[in-house]
Amino acid sequence: MKQLRAFWLSLLNSTRDLTPIIVVIAFFQLIVLQQPIPNLVDLLIGIFLVILGLSLFVYGLEMGLFPLGENMAYAFARKGNVWWLLAFSFALGFGTTVAEPALIAVADEAAKVAAVGGVIAETDDAKQSYANGLRLTVALSVGLAIVIGVIRIIKGWPIHYLIISGYLCIVIMTAFAPPWIIGIAYDSGGVTTSTITVPLVTALGIGLASSIKGRNPMIDGFGLIAFASLTPMFFVMVYGMLY
């Protein structure tokens with residue numbers, strides 16, 4: 001009964017969150033463009049499926065992924081072995097990033113554009129190799145970013161110094177990277193932190209900060225996502241220079 005009530009609450013919240021989008025689309029379609037909404041029945045079914053899917057996704061995060069990430073962080077902190085914690089952090093960042101649907105889509109599109117632009121051969125093998133290389137490069141960079149973020153939580157380093165230094169390196173790298181890779185690199189930083197990576201990485205940071213004496217979850221627990229967004233820009237530009 002409690003789980004049913006929690007899911008119903010998630011459904012109501014998803015409906016509330018999507019209502020402004022629906023109102024904006026309806027306003028511009030009916031008032032500004034003054035055209036009927038095409039395929040109204042299909043549209044309504046699609047909206048219902050989006051609301052249902054979003055509700056299930058949020059409910060699944062709250063029920064499974066957030067507790068899992070926090071519990072594992074607690075367990076590694078109690079174990080007291082930093083190397084196992086860092087290995088787990090790298091594997092978590094790498095594994096979740098490889099599975100990101102948004103990154104897969106961007107890598108595939110980047111491969112197609114690179115083939116059209118003459119950067120790579122216009123063959124399926126070349127495009128697949130380029131896309132896989134891009135995904136692995138981003139995944140490695142996120143794994144390294146999570147490791148750096150975990151070390152920051154353990155040591156208590158101020159996050160702003162690391163973030164400022166990272167973006168300075170990106171600005172410098174932008175001057176040397178090929179122009180065709182810069183946009184892809186910047187987009188890679190954004191699509192990396194999506195539906196799979198964010199919940200687990202956030203839970204890891206909060207759980208770790210909560211389990212270490214002297215750390216404040218509000219101050220030290222957040223910030224891993226910022227590292228995960230930053231490092232792919234640098235690594236992808238290096239990938240474009242070496243490809």
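Measuring between their Cα centroids, the stretch 159-188 and the stretch 8-87 lie 30 Å from each other.
In this view, the solvent-accessible surface of LEU4, computed with a 1.4 Å probe and all protein chains in place, comes to about 110 Å². Seen from every direction in turn and averaged, the convex hull around the alpha carbons of the stretch 102-169 projects onto 5.7 nm². Taken over the stretch 3-113, the alpha-carbon convex hull comes to 158 cubic angstrom per residue.
On the principal axes of its alpha carbon atoms, the stretch 151-199 extends 38, 28, 13 Å, with the longest extent given first. Surface exposure of the chain, expressed per residue as accessible area with a 1.4 Å probe, stands at 57 Å². As a length-normalised measure over Cα pairs under 8 Å and 6 or more apart, the relative contact order of the stretch 107-197 settles at 22 percent. Under the classification rounded if a/c is under 1.5, otherwise prolate if a/b is larger than b/c and oblate if not, where does the stretch 42-98 fall, given a ≥ b ≥ c as square roots of the Cα gyration tensor eigenvalues? Cα axes put the stretch 42-98 in the oblate bin. Qualifying trypsin sites (Lys or Arg not before Pro) in the stretch 86-188, where qualification requires a DSSP coil assignment and no more than 10 other C-beta atoms within 10 Å, are lacking entirely. Taking 20 °C and 1.002 mPa s as conditions, the stretch 48-188 diffuses translationally at an estimated 120 µm²/s according to Stokes-Einstein applied to its Kirkwood radius (Cα pairs).
When the Kirkwood hydrodynamic radius is evaluated over all pairs of different C-alpha atoms of the stretch 109-243, what value in angstrom, to one decimal, is obtained?
Details: mean 1/r = 0.0633 Å⁻¹.
Hydrodynamic radius (Kirkwood, Cα only) of the stretch 109-243 equals 15.8 Å.
Based on DSSP H assignment, which helices of the chain show an axial Cα extent of at least 18 Å together with a mean Kyte-Doolittle hydropathy greater than or equal to 0.5?
Details: long enough: 2-27 (38 Å, 0.82); 40-60 (30 Å, 2.45); 66-79 (20 Å, -0.14); 82-98 (24 Å, 1.59); 101-116 (23 Å, 1.31); 124-155 (46 Å, 0.82); 159-176 (26 Å, 1.98); 179-192 (21 Å, 0.68); 197-211 (21 Å, 1.50); 224-242 (27 Å, 1.96).
Within the chain the helices that satisfy the rule are 2-27, 40-60, 82-98, 101-116, 124-155, 159-176, 179-192, 197-211, 224-242.
What the Kirkwood sum gives for the stretch 182-243 is a hydrodynamic radius of 12.7 Å, with every pair of different alpha carbons counted.
Dividing the summed helix terms, -39500 (n - 2.57) for each DSSP H run of n ≥ 4, by the number of residues in the chain produces a 222 nm estimate of -27500 deg cm²/dmol to the nearest 500. The calculated Kirkwood hydrodynamic radius for the stretch 1-56 is 12.5 Å, given to one decimal from all distinct C-alpha pairs.
When the convex hull of its Cα atoms is viewed from all sides, the chain shows a mean projected area of 17.6 nm².
The values are calculated or read from the model by the stated rules, or taken from the named source; none is laboratory data. This is a predicted model, so every value here is computed, not measured. Neighbour counts are summed over all protein chains in view; Cβ atoms, including those assigned to glycine, are modelled from backbone coordinates with ideal geometry. Accessible surface areas use protein heavy atoms only, side chains included; no ligands, DNA or RNA. Shrake-Rupley method; radii C 1.70, N 1.55, O 1.52, S 1.80 Å.
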